[in-house]
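S.K.: Got a structure for you, written out below as structure tokens; questions coming shortly.
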Amino acid sequence: MAVSVDEAVSTGSARDHTPPARRLGGRGRSVLEVALLTVLAVVMLFPVLWMIETSIKENRDVYAIPAKFFDFTITLDHYKDVFVAPDGGRSALSVSFLNSVVVAGVSTVLATVLGVPAAWAYSRFAVKAKKDQLFFILSTRFMPPVVVVIPIFLMYRQVGLIDNKLGLILIYAAFNVPFTIWMMKGFVDEVPAEYEDAAMLDGYTRLQAFRRFTLPLLVPGIAATAVFALIFSWNEFVFATFLTSSDSVRTAPPAIAGLIGGTTTDWGLVAASSVVFALPVLVFAYLVRKHLIAGVTLGAVRR
Amino acid sequence: MGTVAAHGLRKSFGKVQALDGVTLDVPDGSFFVVLGPSGAGKTTTLRAIAGLEKLDAGSVRLDGRDATGDSPAARDLAMVFQSYALYPRHTVYENIASPLRARRSSASEIASAVERMSNLLHIERLLQRRPAQLSGGEMQRVALARALVRRPRAFLMDEPLTNLDLKLRVEMRTELTRIHRSLGATFVYVTNDQVEALSMADQVAILKEGKVQQVGTPTEVYERPANQWVAGFVGSPPISLLACRAEGDRLVGAGGWTLPRPRWTTAEDGRALLLGLRAEDLSVEQRGDASLSGELYGLEPLGDRTVVDVRVGTEILKVKARPTVTGTPGEQLHVSVDLGRAHLFDAGTGLSLSEAGR
């Protein structure tokens, strides 16, 4: 006993000695860390900052040389221009933002509604050649959109989905379903199948068991998956550029890109519409941040 | 109302044959224990009866009616899972009420049934908690309450006591037996703990590698094991098995020892046999006419008794002795054998040869 006490004391004092040394090393490292992170932050955030600044500068300040960082007049005219046309009606940009909301929202809902039950099925049931099927599903994501956009353009032309919101919704959903299946399968695997077994013995059908007992536990996972799907659909540029042409169908990314070029570029308008474009996803991600980081809460199974 | 009959159950998972023709007949109102080592197919058997596992072949009959294709809900069974599988988002009350809610009982019926169950299992003060706030023993009681709240055809229990500490396990064993008596319902109980099996069961089925080895009362399984494997699996300390062969009126051991040949054995001369001797049928203290000599190999004091390991030739005999017994390893001693209670097995097939003569 005495020996073990001595050992405990000596290790204790040894521990007492280490922290200052570590703290020193830690301080050195943290200075370097902070410095590097600051550089990184400046590099990453400067364009964002510049975009925000440009969006609230008057036009003459926007084009001023040398560039003005602080002493410029603040105006919200550019934001007004994003939503209101010069003749007082709705601007083409505001229509494209609405299109983006519809296309991204519906395609995400569609991908979730299709993908979550599929993920559940792949997780719970013995499916023939399950691994091959899952690999095939994933493989549809291997190809970059630019590679498939021409064949899809040709197919869409045959079925009349060119310059059609439904066309974009379907293609985005098709790209998000594999992602949803793969991500949700991980979440479903985490929920013990025994909850459903127990529910079925209680007298529920298999689908009721899934809906009442497994699905509520999947909500955080579904939220996280849906945010990623939403961001993909919201940001998507290539398909939107190739498959739409009219202002009434076009989503925000090609519409904003369309502002650049021509004889003059209204950079204030580009910056303001970019800010408006970036906000919804940031707000949404912020709202579900808890679900994005928190894993599935599991309680009652002893492992 | 409450017979469970499983016939010729077969199920494989990939290359593993989990069930290889399991047949069980559980009489109404019995406490039927399925005992076996891990991987024997016990849980798969139970899940097949519950309808949670799709069978490759075989049938499940409940109350004489074929239920092989029925959904778990339609089978009218209740099950306690080894992991308890309590719904984590629901309170204890809601967990216990779940089987009644699923079957659309009225709110007042549910309230009175849950109250009855919580009184029976002493969990009244836990009703508003969630599973994560319960200890292992409390979870176990809630899982039990959820199963018992209804009166199904039969109760299926998958190692319900395995995750409890020893003291609680012994307590719950008595409680489960009491509950079984008071309900008079059919229990199918899976365990790998032979003490549980022998102390609680009306009937025990012993499973190994997806095959039923023996079905019988605990006494039958212990006293008349059907084969060498059952003899070795049931009983603690395990039965000692000595290689030998019959020669005239004597049994001759591989190590050269001889014993009088028991009259009941039917084995012909020269056949390779295994003599099975349980620790309590051996003694190092009395001297009888049938005895083996060997040397003391080790002592295992267990409080109420001491297990003496005696080396006979190259084999070890486990002998039960009084706790006061002493000795030094290497010491020569005699072990007297109660041959009337010995078992003989065919060394090739492992089957018991004792049955015929008794």
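S.K.: Please list, or write none, the lysines whose alpha carbon is within less than 16 Å of the alpha carbon of residue A:57, excluding same-chain residues fewer than 8 places away.
M.R.: Partners within reach: A:68, A:80.
S.K.: Which value results for Rg/Rh of the protein assembly as shown when Rg is the Cα radius of gyration and Rh the Kirkwood radius based on the inverse mean 1/r? Spell out each step's value before the answer.
M.R.: Values: Rg = 37.1 Å, Rh = 32.0 Å.
Reported Rg/Rh, Kirkwood definition of Rh: 1.16.
S.K.: Residue B:298's amide H: which non-local residues (gap 5+, or another chain) put their own amide H closer than 5 Å, with H modeled 1.01 Å from N in plane and none for Pro or chain starts?
M.R.: Placed amide hydrogens put B:309 under 5 Å from residue B:298.
S.K.: Where in the range B:187-231 does the label zone of residue B:12 land, with the point 7 angstrom along Cα→C-beta and an amide N cut-off under 18 Å?
M.R.: Answer for this model: B:209-212.
S.K.: Sticking with the crude label model, points 7 Å out along Cα→Cβ, report the distance from residue A:208 to residue B:20 in nm, one decimal please.
M.R.: For the pair residue A:208/residue B:20, the computed spacing is 4.0 nm.
S.K.: With bins 5 Å wide starting at 0, give me the P(r) of the range A:161-234 over every alpha carbon pair, in whole percents.
M.R.: 3, 15, 20, 16, 14, 12, 9, 6, 3, 1, 0
S.K.: So what does log10 I(q)/I(0) come out to for the range B:172-226 at q = 0.19, 0.21, 0.29, 0.32 Å⁻¹, using the Debye formula with one equal point on every Cα and no solvent?
M.R.: -0.69, -0.81, -1.25, -1.37
S.K.: Identify the chymotrypsin sites (Phe, Trp or Tyr not before Pro) of the range A:180-237 meeting these criteria: DSSP loop state and at most 15 other C-beta atoms within 10 Å of the C-beta.
M.R.: On the way: sites: A:182, A:187, A:195, A:204, A:210, A:213, A:228, A:232, A:234, A:237; in loops: A:204, A:237.
Sites meeting the loop and neighbour criteria: A:237.
S.K.: Right, here's the next one. In Å and on Cα atoms, what radius of gyration and Dmax does chain B show?
M.R.: Reported Rg and Dmax, both Å: 24.2, 76.
S.K.: If you bin the C-alpha pair distances of the range B:210-293 every 10 Å from 0, what whole percents do you get?
M.R.: Binned Cα distances yield the sequence 15, 42, 35, 7, 0.
S.K.: Counting other beta carbons within 10 Å of each Cβ, put A:44, B:117, B:139 in order, fewest first.
M.R.: Working: A:44 10, B:117 22, B:139 26.
Least to most surrounded, the residues fall as A:44, B:117, B:139.
S.K.: Let me ask something else about it. Relative contact order (percent) for chain A, with alpha-carbon contacts under 8 angstrom and 6 or more residues of separation?
M.R.: Normalised by residue count, the contact order of chain A is 27 percent.
S.K.: Determine the relative contact order of chain B: mean sequence separation of Cα pairs under 8 Å and six or more apart, normalised by residue count, in whole percent.
M.R.: Once divided by the residue count of chain B, the mean separation gives 16 percent.
S.K.: So, one more: With only Lys, Arg, Asp and Glu charged, each at its Cβ (+1 for the first two, -1 for the last two), find how big the charge dipole of the range B:4-225 is about the Cα centre; round to the nearest 20 debye. Walk me through the numbers on the way to the answer.
M.R.: Working: 30 positive and 25 negative charges, 123 e Å.
My answer is approximately 600 debye.
S.K.: Please report Rg over Rh for the range B:289-358, where both radii come from the alpha carbon positions and Rh follows the Kirkwood definition.
M.R.: My calculation of the ratio gives 1.05.
S.K.: Along its principal axes, what span do the Cα atoms of the range B:45-137 show, with the longest given first and each in whole Å?
M.R.: 46, 29, 22
S.K.: Efficiency by 1/(1 + (r/R0)^6): what FRET value for residue B:56 and residue A:153, r their Cβ-Cβ distance, R0 = 56 Å, to the nearest 0.05? The partial results should precede the final answer.
M.R.: Working: r = 50 Å, r/R0 = 0.89.
Once the sixth-power term is evaluated, E becomes 0.65.
S.K.: Please report A:38, B:328, B:3 as a ranked list, fewest other C-beta atoms within 10 angstrom at the top and most at the bottom.
M.R.: Numbers: A:38 10, B:328 7, B:3 18.
Fewest-to-most Cβ neighbours within 10 Å comes out as B:328, A:38, B:3.
S.K.: Still on this model: Give a residue-ordered list of calculated ³J(HN,Hα) values for the range A:246-257 (Karplus: 6.51 cos²θ - 1.76 cosθ + 1.60, θ = phi - 60°; whole Hz; x for Gly, Pro).
M.R.: Per-residue couplings from phi come out as 7, 4, 6, 10, 3, 8, 4, x, x, 5, 5, 4 Hz.
S.K.: Same structure again: Using only the Cα atoms, what convex hull volume per residue in Å³ does the range B:211-358 have?
M.R.: 112
S.K.: Hey, another quick one. Compute the relative contact order of the range B:21-143 as a whole-number percentage, counting only Cα pairs closer than 8 Å that sit 6 or more residues apart in sequence. Please report the intermediate quantities before stating the final value.
M.R.: Values: 84 pairs, mean separation 26.3, N = 123.
Relative contact order of the range B:21-143: 21 percent.
S.K.: About the Cα centre of the protein assembly as shown, what is the dipole size in debye to 20, counting +1 per Lys and Arg Cβ and -1 per Asp and Glu Cβ, all else neutral? Please list the in-between numbers first.
M.R.: Numbers: 70 positive and 64 negative charges, 215 e Å.
So the dipole magnitude of the protein assembly as shown works out to roughly 1040 debye.
S.K.: Multiply the residue gap between residue B:349 and residue B:66 by 0.36 nm, knock off their C-alpha separation, and tell me the result in nm, one decimal place.
M.R.: On the way: separation 283, 0.36 × 283 = 101.88 nm, distance 3.52 nm.
Length gained between residue B:349 and residue B:66: 98.4 nm.
S.K.: Name all residues of the range B:148-179 having a backbone nitrogen under 16 Å from the label point set 7 Å from the Cα of residue B:112 along its Cα→Cβ direction, giving them as ranges.
M.R.: B:149-151
S.K.: While we're on this one: Which whole-percent values make up P(r) of chain A when all C-alpha to C-alpha distances are grouped in 10 Å steps starting at zero?
M.R.: 5, 18, 22, 20, 16, 11, 5, 2, 0, 0
S.K.: Pairs of lysines 8 or more apart, or on different chains, with alpha carbons under 20 Å: count those in the range B:4-225, would you?
M.R.: 12
S.K.: With axes computed from alpha carbons, what is the tilt in degrees of helix B:107-120 against the longest principal axis of chain B, rounded to the nearest 10 within 0 to 90?
M.R.: 30
S.K.: Still on this model: Given a Förster distance of 22 Å, report the FRET efficiency between residue A:59 and residue A:279 from their Cβ-Cβ distance, rounded to the nearest 0.05. Mind dumping the intermediate values first?
M.R.: On the way: r = 23 Å, r/R0 = 1.03.
The pair residue A:59/residue A:279 has a calculated efficiency of 0.45.
S.K.: In degrees from 0 to 90, rounded to the nearest 10, what is the angle of the helix B:92-102 Cα long axis to the longest principal axis of chain B?
M.R.: Helix B:92-102 sits roughly 80 degrees off the main axis of chain B.
S.K.: Magnitude of the Cβ-charge dipole of chain A, K/R +1 and D/E -1, about the Cα centre, nearest 20 debye? The partial results should precede the final answer.
M.R.: Details: 26 positive and 22 negative charges, 143 e Å.
Here chain A has a charge dipole of around 680 debye.
S.K.: Something else: If every alpha-carbon in the range A:192-248 counts as one equal scatterer, what log10 I(q)/I(0) does Debye give at q = 0.17, 0.22 1/Å?
M.R.: -0.66, -0.83
Rule-based calculations on the coordinates, nothing more; no lab input. This one's a predicted model, so the numbers in the text were calculated from it and none came from an experiment. Here the Cβ is made from the backbone with ideal geometry for all residues, glycine too, and neighbour counts use every protein chain on show.
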